[in-house]
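The values are calculated or read from the model by the stated rules, or taken from the named source; none is laboratory data. Note that the coordinates shown come from a computational prediction; the quantities given were computed from them, not determined experimentally. Virtual Cβ from ideal backbone geometry, glycine too; neighbours counted across all protein chains shown. With ligands, DNA and RNA removed, areas are computed over all heavy atoms of the protein, side chains included. Shrake-Rupley method; radii C 1.70, N 1.55, O 1.52, S 1.80 Å.
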Amino acid sequence: MSPKQTIAFENVSRFYGEVLGVNRVNLTVPPGVTSLVGPNGAGKTTLMNLMTGLLHPTEGEIRVLGVSPQDPERLCRLVGYCTQFDAFPKGLTGYKFLYAFLRMHGMSHAECDQRAKRSLELVGLSEAANRLVGAYSKGMRQRVKLAQAIAHDPQVVILDEPLNGLDPMARAEAIALFRQWGEQGRHVIVSSHILHEVDRISDQVILLSQGYVVAEGAIQGVRSEVKDQPMQILVRCDRPAVLAARLFDQNHIVEARIHGDGKNLLLSTKDADSFYLLLNRVILDSGLQVESVAPADDDVNSVYQYLIGAEGSAV
Amino acid sequence: MTHLWIRQIAGVLRLELKRTAFSKRGWWIYCLAAAPVIVALLHWLLQSNRHSARHSLGEDSVVFAGMFLVFFLRGSIFFGCMGIFTSLFRGEMLEKTLHYYFMTPLRRELLAAGKYLAGLTVALMLFLPSVAATFLLLGRHFGAAWTDYLVHGPGLGQLGSYLLVTALGCIGYGAVFLVCGLIYKNPMIPAAVVWVWEALNPFLPALLKKISVIFYLKSLCPVEVPAEPPFSLMVIETDPASAWVAIPGLLAVAALLLIYAGISARQAEISYGE
């Protein structure tokens, strides 16, 4: 993929005095939805601020679709950023807030008007457009920030904890919107603490801990790289006890448990490929009726627990 | 490109005027601008009720010159500009709203220029009427003699000079405090240093006097204020700068400071201390 289609970090470090923000980050982020996951202080916001030029790297180089973040005149036409700061210029309505900053893009009055209205409609704030942002609820403020980030139709949308303060309905709508943007070929970078939602929206994840990138890529790929944790697989079949008995002969099987309605077998294996071969043999030998076979821990939550573990348990 | 820049500066100006002008936080600046007008108004009312004035028109013009130098230049214009211009960037840092500007395709130099123009507009809107109203009210109790002084005498010329000095003061101090607000987390400390330096100006040697804003502003004032003892013993007399030096000099210093502000804005980061 050409550098003009990716967000690239090359050996990027950022220190706040002697405090580490992020250290030696090497990343290439392709289009689609990418989630930044990590405990508080892991460096998620620092990474986002670096790629939007709000912070400058102490070392290294960043390119957003080939543009340096130190070139705001070009970068800010490509990037929209919904920050976690819950503050707004005083005395502006939702509409005027969007309109005023769209004018900085050099658009005509008519275009600013049209885009402001369209963005507010997209986030469901059309009716509140002429109310002061200061009088908005937390959820509405979050939505108007989202509207501001996307109003100029950016190719890269960066969202820091975008689901905070949103009610379940608004969350579902926002997630659908992120997915839609990702499918349109945009870069959508999301940081979130809510792991099951990250799972739903992400094409790839970047796991951060204490300023370092712990893992990156599609979540299944990341899971398969975690060799020291046995893979958990859930098999639903008519005679799980038969399967369990055959499995215990194998060295790579760490654990097998029957649970649920008595038809589910949850097993842990150090060698998933050998297990799948064995399963084929058992099916042929004993006529086992298998309903489903699915990995049980290739989600963000499991990978997060394996790689970041207890330090992120508060998240 | 120029068209885009004008549009962007106009956008910044509009937003900043909304934020800066008539904000509740600026109440003390409005008081600074209103106070001399109230004093002059009281002076007029009190003197109007007396049958004969205890002082001459000339004395009142010297009183205004002293008031202008001490109260306006070293007081309200200095502190007013400090309040207005330091908050242009620092205030937004405290309110956590500066990143909205930083996320637009706006040259940071233009942002600094737009903010400076907004601050200057507010400062001029406050202090030009304040100076004019104080000047016009202070001698008002002389009645026809005052009107004659204004129309046929040096009155209007003096008022024009005071307004010019006020505008130049706002331009000069505005640029100084814009830079302070951009590069210092607590701009009050450099502002205090500048204030002490400006206050010490009469006692400084000739060469050091010239490294200040007040020296050039004072040089442009139409009426000289004699120093009273014991200060007169400590004051070091220096020839005032000519208008041809003072006006372009002040504008050039302000321009240099603005260029520096633009460079600082380009290098600025968003760090709200979280």
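Overview of values
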{"read-out": "Gyration tensor over alpha-carbon atoms, region B:77-202, equivalent ellipsoid semi-axes in Å", "value": "36, 17, 11"}
{"read-out": "For chain B, built as a Gaussian network whose Cα springs stay under 10 Å, the top-fluctuating residue of B:Val131, B:Val245, B:Val213", "value": "B:Val245"}
{"read-out": "q = 0.18, 0.19 Å⁻¹, region A:9-56: log10 I(q)/I(0) [Debye, one scatterer per Cα]", "value": "-0.56, -0.63"}
{"read-out": "Scattering curve values for the protein assembly as shown, log₁₀ I(q)/I(0), Debye with Cα scatterers, q = 0.05, 0.08, 0.09, 0.11 Å⁻¹", "value": "-0.35, -0.70, -0.82, -1.04"}
{"read-out": "Among B:Val235, B:Val179, B:Val165: highest mean-square fluctuation, GNM of chain B, C-alpha pairs under 10 Å", "value": "B:Val235"}
{"read-out": "With at most 10 other Cβ atoms within 10 Å, longest stretch of chain A clear of loop GluC sites (Glu not before Pro) (DSSP)", "value": "A:128-315"}
{"read-out": "Largest to smallest principal axis extent of the C-alpha atoms in chain A, angstrom", "value": "74, 45, 36"}
{"read-out": "Whole-percent carbon and sulfur share, accessible surface of chain A, 1.4 Å", "value": "49 percent"}
{"read-out": "Choice from A:Val242, A:Val214, A:Val33 with maximal GNM fluctuation in chain A (Cα, 10 Å cutoff)", "value": "A:Val242"}
{"read-out": "Per residue, the convex hull volume that the Cα atoms of region B:1-120 enclose (Å³)", "value": "131 Å³"}
{"read-out": "Within region B:138-233, trypsin sites (Lys or Arg not before Pro) in DSSP loop having at most 13 other beta-carbon neighbours inside 10 Å", "value": "B:Lys185"}
{"read-out": "Surface share of carbon and sulfur [accessible, 1.4 angstrom probe, percent] for chain B", "value": "71 percent"}
{"read-out": "All Cα pairs of chain B, percent lying beyond 22 Å", "value": "60 percent"}
{"read-out": "At least 40 Å² of accessible area lost relative to the chain alone, listed for region B:232-269 with a 1.4 Å probe", "value": "B:Arg266, B:Glu269"}
{"read-out": "Average accessible area per residue (Å²) across region B:125-234 - probe 1.4 Å, nucleic acids and ligands excluded", "value": "47 Å²"}
{"read-out": "Residues of region A:95-240: accessible area per residue with a 1.4 Å probe, Å²", "value": "42 Å²"}
{"read-out": "Interface residues in region A:52-72 - accessible area drops by 50 Å² or more relative to the isolated chain, probe 1.4 Å", "value": "A:Leu54, A:His56, A:Pro72"}
{"read-out": "Area hidden from solvent between B and A (accessible, protein heavy atoms only, 1.4 Å, total, Å²)", "value": "2800 Å²"}
{"read-out": "Loop-located trypsin sites (Lys or Arg not before Pro) in region B:1-82, at most 12 other Cβ atoms within 10 Å (DSSP)", "value": "B:Arg50, B:Arg54"}
{"read-out": "Overall form of region A:13-133 per C-alpha gyration tensor (a/c, 1.5; a/b vs b/c)", "value": "prolate"}
{"read-out": "MRE, 222 nm, helices only [DSSP H, n ≥ 4, -39500 (n - 2.57), over the protein assembly as shown, to nearest 500]", "value": "-16500 deg cm²/dmol"}
{"read-out": "Cα-based reach from B:Lys24 at 20 Å (exclusive), listing aspartates and glutamates while leaving out same-chain residues under 8 positions away", "value": "B:Glu16, B:Glu92, B:Glu95"}
{"read-out": "Convex hull per residue volume in Å³, alpha carbons only, for region A:117-213", "value": "113 Å³"}
{"read-out": "Whole-number D in µm² s⁻¹ for region A:218-315, Kirkwood Cα-pair radius fed into Stokes-Einstein, 37 °C, 0.692 mPa s", "value": "231 µm²/s"}
